[in-house]
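Asker: Here's a structure for you.
The values are calculated or read from the model by the stated rules, or taken from the named source; none is laboratory data. Keep in mind that this is a model prediction, so the values were computed, not measured. With ideal geometry, Cβ positions are generated from the backbone for all residues, glycine too; neighbour counts draw on all protein chains shown.
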Amino acid sequence: MKPNSDERLLTRNEVEDRFGIPKRFLEVSAMKREGPPIVRLGRSVRYRPIDVIAWIASQMNVVSQ
């Protein structure tokens, strides 16, 4: 069974391509625990699209307050 594209875990490059969030920002924010939540698979870091979308929405709320 092929996973839905919204359920597939994304690499940092894919997050950058899909959402426009720079890869370097993702790297730094992961170290500071400030960016979108990450999923660790061994040494690999992945992102759930729904978490990235929720994080973006939360940042929009911070800016508008």
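Asker: Being within 13 Å of Ile56 (Cα to Cα) and not charged (D, E, K, R) is the filter here, so list the residues in segment 30-45 that pass it. First the steps, then the outcome.
Answerer: From segment 30-45, those within 13 Å of Ile56 (Cα to Cα) are 34-37; that's our starting set.
The answer is Gly35, Pro36, Pro37.
Asker: When you scan segment 8-23, do you find a residue that is part of a strand (DSSP E or B), in contact with a Ser or Thr (Cβ under 9 Å, 6 or more places away or on another chain) and modelled with pLDDT of 95 or more, even just one?
Answerer: no
Asker: To continue, here is another question. Does Pro49 satisfy the criteria of being at negative phi and either surrounded by 15 or more Cβ atoms within 10 Å (Cβ to Cβ) or modelled with pLDDT of 95 or more (or both)? Show your work before the answer.
Answerer: Working: at negative phi: yes; either surrounded by 15 or more Cβ atoms within 10 Å (Cβ to Cβ) or modelled with pLDDT of 95 or more (or both): yes.
Yes.
Asker: Just the residues that are surrounded by fewer than 10 Cβ atoms within 10 Å (Cβ to Cβ) and either touching a residue at least 12 places away in the same chain (Cβ under 8 Å) or not in a strand (DSSP E or B) (or both), please, taken from segment 24-45.
Answerer: Met31, Lys32, Arg33, Leu41, Gly42, Arg43 - these are the residues of segment 24-45 that are surrounded by fewer than 10 Cβ atoms within 10 Å (Cβ to Cβ) and either touching a residue at least 12 places away in the same chain (Cβ under 8 Å) or not in a strand (DSSP E or B) (or both).
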